[in-house]
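In what follows, a structure is listed as C-alpha cells, so that the remarks can point back to it.
The values are calculated or read from the model by the stated rules, or taken from the named source; none is laboratory data. Quantities reported herein were computed from a predicted structural model and do not represent experimental measurements. Cβ coordinates were reconstructed from backbone atoms using ideal geometry, including for glycine residues, and neighbour counts include every protein chain displayed. These accessible areas exclude ligands, DNA and RNA; they are computed on the full protein's heavy atoms, side chains included. Shrake-Rupley method; radii C 1.70, N 1.55, O 1.52, S 1.80 Å.
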Amino acid sequence: MDPLILLLFIFTLAIFLGFELISRVPSQLHTPLMSGSNAISGITIVGAIAATGAGATLFAQILGFLALVFASINVVGGYLVTDRMLGMFKKKGGKK
C-alpha cells in the first residue's frame, strides 16, 4: 500500500473521530479539553521545530515552518480563550 494513501486514511479517520468525540463532550468539560488540546499543540510545535531543522528539502522546511506558525497560533489562541473564560467566573468589583 502506498504510504501516502495510508497517511491520508489515518488523517481522515482522525478528523472523523475528533469531530465525533468533541461533539459528545458536555459543555462543562470544554475548558479541560481545550487545555489538553493546547498541550497537544505544544507537542506539535516541538515536532515542527524538528521538521524545520532537519528538513532535507526547501518544501519540507516550508511545511515545518507553516506547522510551527499554525500550532503557535492555536496555543496562543487557546490560552487567550481560556483566560477569557476564567475571567467570566471572577466577581465584579471584588478583590483579585
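The combined condition, being surrounded by fewer than 10 Cβ atoms within 10 Å (Cβ to Cβ) and not basic (Lys, Arg), is not fulfilled by LEU21.
Tell me, please, whether a residue that is closer than 28 Å to ASP83 by Cα, within 19 Å of the chain's Cα centre (by Cα) and not aromatic (Phe, Trp, Tyr) can be found in the range 48-62. Checked the range 48-62: at least one residue is closer than 28 Å to ASP83 by Cα, within 19 Å of the chain's Cα centre (by Cα) and not aromatic (Phe, Trp, Tyr). Scanning the range 53-72 for residues that are open to solvent by less than 40 Å² (accessible area, probe 1.4 Å) and of a type outside the set (A, V, I, L, M, F, W, C) yields GLY55, GLY64. Hey, does the range 82-93 have a residue that's more than 19 Å from the chain's Cα centre (by Cα), free of Cβ contacts under 8 Å to residues at least 12 places away in the same chain and at positive phi? Yes, that holds for at least one residue.
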